[in-house]
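S.K.: Please see the structure below; I have some questions.
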Amino acid sequence: MSNSDVVAEVRSGTKRYPGVTALNDVDFSVRRGEVRALLGKNGAGKSTLIRILSGAEQLDSGDALVDGTSLKGLGTREVAGLGVATVYQELSLVPDMSVAENLFMGVWPSARGALDWRRMRVDARAAMARIGVDVDIDRPVGSLGAAGQQLVEIARAVWQNPSLLILDEPTSSLAAAEVRQVINVVRRVAEQGVAVIYVSHRMDEIRQVADTATVVRDGRIVETLPVGAASTSEIVTMMLGTAPEAVTARVRRPSSDPPVLSARGLRTDKLDGLDIDIRPGEILGIAGVLGSGRTETLRVLMGLDRPGAGEVRLRGEAVRPGAFATMLRRGLGITPENRRRDGIVPLMGVDENIVMSDLRRVSRSGVLDRRAIGEAARALIDRLAIKTSRPGTPIGDLSGGNQQKTVLARWLHAGSTVLLLDEPTRGVDVEAKRQIYDQMRQLADDGRAVVFVSSEVEELTDVCDRIVVLRSGRAVAELTGDEIELERVLAIAIAEE
């Protein structure tokens, strides 16, 4: 290909934040019809690079160009006008508005000065059909769930007919069938001559969708190569700078202690008479396909949702359904599935996000003590290796993996004895995943109960002492010891009723 095939590029690009060099003299380019995977651990500079190319950030030195036009001084709207469409990991939808309204947010079709509802509905159906998704375009987008909302975001971007499509962890909340759907859409878009930058931590997915891969480490480009030119181990070594640690031998320690938390006959619109026991000193995995009731189980146990029927017992005592405040006081903590929406306060500091779970621990005579807040936060920042220039840095400025570790730190600060972790490693790099696994094991070894929900079954089989498999809102199997095998868990999860 000639230079005229280059859609977007960065030349000698450098970007600094207080205490951090996010990009350091980077040269990067992507061509028409190419799907370029962007790989690196959290904090490596991937997000900064795509924010530069989308116009959300400006370089301190060097230049970024789209179709030969410099992006200096241009914002996201002007860059979008050059043909750049970006789908970020964190969704930008308005939950109470319809699918159709969200698809054309800010560019709603009009006729004679009024919103043209008929045309918008026709175009909305066409936009969703273009990526192969059949959905009621009049329903509130917030009712779709994480997977459906992500597909709406992708449909909105593809409908813009971009020359450069940037996808930041587009499948982190999707089930296997939906991942294949996204991959097919990406390949089809690339065949039309669109350049695609694709960010993901899932190497099996990268090998299916990408032509080439750029590895970023500590703000520098390590290498750009064809996807098939290196093994997964070699790519991980490039990402980390050292050879990856071998996976720790599976630890099987199912507890024989009485349940610290149990439920019988839970019924909601997604749960169908669920029974479950959670014991101290073990990591309990909850497996199941999308829609099986995994998240709903955690929300009911935490008291965030009230079941239509059933009973929850905490340390043998019945708990009033929907008693969230009671569960907090009695030692439960939860990391939500949607970290950005439900897990953090973006403009508040890392320190404030950590201590907000128990302000009494950092107060003196009822008044917040800034010194105590700093000491408590720094101890947990060090323990979980949270990368931040200072404790007061707004958590919204951190990478996804560091945000996730901050959410976990919040419940360590509170001294929670039952941790309900919903997709705690989603969008997290291999190093941060290992750190989270280690924290989970340490918590279990300390006698706490850890519940681990993940759509990546491989994680569950590597980490958990016991696995409960859900199907259609019911626990259909409980596996321990040598029963915990990837193929067995998958077979049970997808079996027909």
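S.K.: Any residue at all in segment 282-296 that is more than 27 Å from residue 145 (Cβ to Cβ) and either of a type in the set (Asp, Glu) or touching a Gly at 6+ places or on another chain (Cβ under 8 Å) (or both)?
M.R.: Yes, that holds for at least one residue.
S.K.: Right, something else. For segment 137-152, enumerate the residues that are modelled with pLDDT under 90 and within 30 Å of residue 6 (Cα to Cα).
M.R.: Selection gives 150, 151.
S.K.: Output the number of the condition that residue 126 fails; it satisfies all remaining conditions of (1) over 17 Å from residue 93 (Cα atoms); (2) at pLDDT below 85; (3) part of a helix (DSSP H, G or I).
M.R.: Tallying (1) over 17 Å from residue 93 (Cα atoms); (2) at pLDDT below 85; (3) part of a helix (DSSP H, G or I), residue 126 fails exactly one: (2).
S.K.: Of the residues that sit in segment 318-373 and are among the small types (Gly, Ala, Ser) and within 23 Å of residue 426 (Cα to Cα), which one is nearest to the chain's Cα centre (by Cα)?
M.R.: 343
S.K.: Look through 37, 44, 80 and report the one residue that is closer than 28 Å to residue 137 by Cα, among the aliphatic types (A, V, I, L, M) and assigned by TED's automatic domain parsing to the domain that holds residue 189.
M.R.: 80
S.K.: Can you name every residue in segment 471-482 that is modelled with pLDDT of 90 or more and charged (D, E, K, R)?
M.R.: Correct list: 474, 478.
S.K.: Something else now. Within segment 110-124, is there a residue that is touching a residue at least 24 places away in the same chain (Cβ under 8 Å) and over 26 Å from residue 232 (Cβ atoms)?
M.R.: Within segment 110-124, one or more residues are touching a residue at least 24 places away in the same chain (Cβ under 8 Å) and over 26 Å from residue 232 (Cβ atoms).
S.K.: Take residues that are in contact with a Gly (Cβ under 8 Å, 6 or more places away or on another chain) and more than 20 Å from residue 89 (Cβ to Cβ) and tell me which of the helices (runs of 4 or more DSSP H) falling wholly in segment 130-246 contain 3 or more.
M.R.: The helices (runs of 4 or more DSSP H) meeting that bar are 176-191.
S.K.: Does segment 378-385 include one or more residues that are at positive phi and in contact (Cβ under 8 Å) with a residue 12 or more places away in the chain?
M.R.: yes
S.K.: Check residue 300 against each of (1) within 29 Å of residue 402 (Cβ to Cβ); (2) among the aliphatic types (A, V, I, L, M); (3) part of a helix (DSSP H, G or I) and name the one condition it does not meet.
M.R.: (1)
S.K.: Sticking with this one: Could you check, for segment 364-379, whether at least one of its residues is touching a Phe, Trp or Tyr at 6+ places or on another chain (Cβ under 6 Å), surrounded by 14 or more Cβ atoms within 10 Å (Cβ to Cβ), modelled with pLDDT of 90 or more and not β-branched (Val, Ile, Thr)?
M.R.: No, segment 364-379 contains no residue that is touching a Phe, Trp or Tyr at 6+ places or on another chain (Cβ under 6 Å), surrounded by 14 or more Cβ atoms within 10 Å (Cβ to Cβ), modelled with pLDDT of 90 or more and not β-branched (Val, Ile, Thr).
S.K.: Somewhere in segment 386-396, is a residue farther than 30 Å from residue 218 by Cβ and among the hydroxyl-bearing types (Ser, Thr, Tyr)?
M.R.: There is no residue in segment 386-396 that is farther than 30 Å from residue 218 by Cβ and among the hydroxyl-bearing types (Ser, Thr, Tyr).
S.K.: Given the conditions (1) without any contact (Cβ under 8 Å) to a residue 60 or more places away in the chain; (2) within 22 Å of residue 337 (Cα to Cα); (3) surrounded by fewer than 20 Cβ atoms within 10 Å (Cβ to Cβ), report the number of the one that residue 179 does not fulfil.
M.R.: Checking residue 179 against (1) without any contact (Cβ under 8 Å) to a residue 60 or more places away in the chain; (2) within 22 Å of residue 337 (Cα to Cα); (3) surrounded by fewer than 20 Cβ atoms within 10 Å (Cβ to Cβ), the one that fails is (3).
S.K.: Could you tell me whether segment 287-301 includes any residue that is among the small types (Gly, Ala, Ser), within 22 Å of residue 258 (Cβ to Cβ) and touching a residue at least 40 places away in the same chain (Cβ under 8 Å)?
M.R.: No, segment 287-301 contains no residue that is among the small types (Gly, Ala, Ser), within 22 Å of residue 258 (Cβ to Cβ) and touching a residue at least 40 places away in the same chain (Cβ under 8 Å).
S.K.: When the residues of segment 210-221 are filtered to those that are touching a Ser or Thr at 6+ places or on another chain (Cβ under 8 Å) and crowded, with 18+ Cβ neighbours inside 10 Å, which remaining residue is farthest from residue 181 (Cα to Cα)?
M.R.: 219
S.K.: In segment 263-297, what count of residues is obtained for those that are part of a loop (DSSP other than H, G, I, E, B) and among the basic types (Lys, Arg)?
M.R.: Residues flagged as part of a loop (DSSP other than H, G, I, E, B) and among the basic types (Lys, Arg) within segment 263-297 amount to 2.
S.K.: Ok, one more. Quick test for you: out of 425, 406, 417, pick the one residue that is at pLDDT below 90 and among the β-branched types (Val, Ile, Thr).
M.R.: Step by step, each of 425, 406, 417 is checked, and only 425 is at pLDDT below 90 and among the β-branched types (Val, Ile, Thr).
S.K.: Filter segment 440-497 for residues that are surrounded by fewer than 17 Cβ atoms within 10 Å (Cβ to Cβ), in contact with a helix residue (DSSP H, G or I) (Cβ under 8 Å, 6 or more places away or on another chain) and either within 26 Å of residue 308 (Cα to Cα) or without any contact (Cβ under 8 Å) to a residue 12 or more places away in the chain (or both) and give the result.
M.R.: Once the filter is applied, which keeps residues that are surrounded by fewer than 17 Cβ atoms within 10 Å (Cβ to Cβ), in contact with a helix residue (DSSP H, G or I) (Cβ under 8 Å, 6 or more places away or on another chain) and either within 26 Å of residue 308 (Cα to Cα) or without any contact (Cβ under 8 Å) to a residue 12 or more places away in the chain (or both), segment 440-497 yields only 476.
S.K.: Within segment 109-126, is even one residue polar (S, T, N, Q) and under 26 Å from residue 183 (Cα atoms)?
M.R.: No - not one qualifying residue is present in segment 109-126.
S.K.: Only one residue in 332, 304, 347, 359 is touching a residue at least 12 places away in the same chain (Cβ under 8 Å) and farther than 20 Å from residue 423 by Cβ, so which one is that?
M.R.: The match here is 347.
S.K.: Identify, please: which residue in segment 276-318 is under 23 Å from residue 356 (Cβ atoms) and not charged (D, E, K, R) and is, among those, surrounded by the fewest Cβ atoms within 10 Å (Cβ to Cβ)?
M.R.: Going through the qualifying residues, I end up with 304.
S.K.: Quick one: would you say residue 48 is free of Cβ contacts under 8 Å to residues at least 24 places away in the same chain and of a type in the set (Val, Ile, Thr)?
M.R.: Considered against the rule, which asks whether it is free of Cβ contacts under 8 Å to residues at least 24 places away in the same chain and of a type in the set (Val, Ile, Thr), residue 48 comes out as no.
S.K.: Here's a follow-up. Yes or no: residue 454 of a type in the set (Ser, Thr, Tyr), at negative phi, in the same structural domain as residue 490 (by TED's automatic domain parsing) and touching a strand residue (DSSP E or B) at 6+ places or on another chain (Cβ under 6 Å)?
M.R.: No, not satisfied.
S.K.: One residue is enough: does segment 84-93 have a residue meeting the conditions over 24 Å from residue 38 (Cα atoms) and out of contact with any strand residue (DSSP E or B) (no Cβ under 8 Å at 6 or more places or on another chain)?
M.R.: Looking through segment 84-93, at least one residue is over 24 Å from residue 38 (Cα atoms) and out of contact with any strand residue (DSSP E or B) (no Cβ under 8 Å at 6 or more places or on another chain).
The values are calculated or read from the model by the stated rules, or taken from the named source; none is laboratory data. Everything numeric here is computed off the predicted structure, so don't read it as measured data. When we count neighbours, we look across all protein chains shown, and the Cβ atoms used for this are built from the backbone with ideal geometry, even at glycine.
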